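Chemist: Sharing a structure with you now.
The values are calculated or read from the model by the stated rules, or taken from the named source; none is laboratory data. Note that this is a predicted model, so its numbers are computed, not measured. Every residue, glycine among them, receives a Cβ derived from its backbone with ideal geometry; neighbour counts consider all protein chains shown.
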Amino acid sequence: MNSKLFIGAIFLAAVASITYSVPDTLIVARAQQLPIDQDLLRDGAPLKPGDRLRLTVVGFPEISGEQTVMADGGIQVPLAGYVNVWHLTPSEATELITAKLGPYVRRPQVSLSIDSLSPTRVSVTGAVNRPGPLVLDTPAASLHGASTLSEALTLAGGVTPQADIQSILIRRNAYSNRGVSSLNLRSNDPYPIEEVRVNLWQSIREGDLSADIPIYDGDEILVPVSNGLTGIEQQALLSSSLAPNAITVNVGGEVQRPGIVEISPNSDVSSAVAAAGGLTLDGAAQNIVLLRTAPDGTVENYIYSLGENSIPLANGDAIIVSQSGRSRVRGFLDILSSILFPVGFLFD
């Protein structure tokens, strides 16, 4: 690496340390406080610890009342005792409670409603702008929060230009999206983990909403990196709702306003230079260096001319505009002139 790129690498490292100094690794997304639609929730997301429920048994006020799902997924129902409702939908939980009360109450009429839902916790890693744990702190996550994969990716800062959205991997509890009434609910054995592959290109290209699957508490979402995306595919991806609204890059060197600039996610090097006020009189239009930190920590560098199509920029990229050769020659002549013709000579 020559001295110019070495200096550029140091510049990029400094930029990264400033741009990504986020004190909290846990991102909390708060949705608008909207009322819970019980009809839509009845067969919606499975119950989980922390959910607050209201149990009603007609004619038995001593059994009825508020219930909070405990850390082990259970609730304590008078007469019925311990009932594990973790991973059950509200309607499935109602059926289970009814069956548990059968020996003690003749033809029990049971209803179960949701007072509030606990936050949904997922993890998003890979080719997104803000990887890490994500807490969906919503009153009804299955309706108004990040209930689908695309919404979770958006709340994670959107995907990067290198995202392979045809092969997104979701690791989840095998019973997250279905009832477990037939299982031994008091078993301490860990639930099996299943892997789900998702192709979100179907949603972008064909408007196929079925490809945008629901997510559940505890899901681990991995967006792999692709090296085979064409320019057209990248532009389609960065123009979709999966991309962030804006990205920040650092532009330095011979530009009018060096520093961090905010641009659209499908911008190129020339757009970033324009956002920084354009070149100075000494800027080299044929020697603009793009520096990017690769996933393995190495620094990639690309050289473009002003106006040339470049790869789409990513969050945290650094662009350095070099000094033109003519400017360097002029600077050398100025130094040489000061040596050969010192100011004092004029007054001799």
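Chemist: What's the total number of residues in region 147-183 that are among the hydroxyl-bearing types (Ser, Thr, Tyr), more than 15 Å from Glu194 (Cα to Cα) and at pLDDT below 85?
Modeler: Result for region 147-183: 4.
Chemist: When region 251-297 is examined, which residues are found to be farther than 21 Å from Thr230 by Cα and among the acidic types (Asp, Glu)?
Modeler: Glu254, Glu262, Asp282, Asp296
Chemist: Could you grab me the full set of residues in region 245-279 that are in contact with a helix residue (DSSP H, G or I) (Cβ under 8 Å, 6 or more places away or on another chain), more than 21 Å from Glu308 (Cβ to Cβ) and not β-branched (Val, Ile, Thr)?
Modeler: Result: Glu262, single match.
Chemist: Any chance region 299-311 includes a residue that's in the same structural domain as Gln162 (by TED's automatic domain parsing) and in contact with a Phe, Trp or Tyr (Cβ under 9 Å, 6 or more places away or on another chain)?
Modeler: No, the conditions are met nowhere in region 299-311.
Every residue, every condition in (1) touching a residue at least 24 places away in the same chain (Cβ under 8 Å); (2) under 30 Å from Val159 (Cβ atoms), yes or no:
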| site | (1), (2) |
| --- | --- |
| Asp51 | yes, no |
| Thr56 | yes, no |
| Glu62 | no, no |
| Ala71 | no, no |
| Val85 | yes, no |
| Ala99 | no, no |
| Leu112 | yes, no |
| Val122 | yes, yes |
| Gly126 | yes, yes |
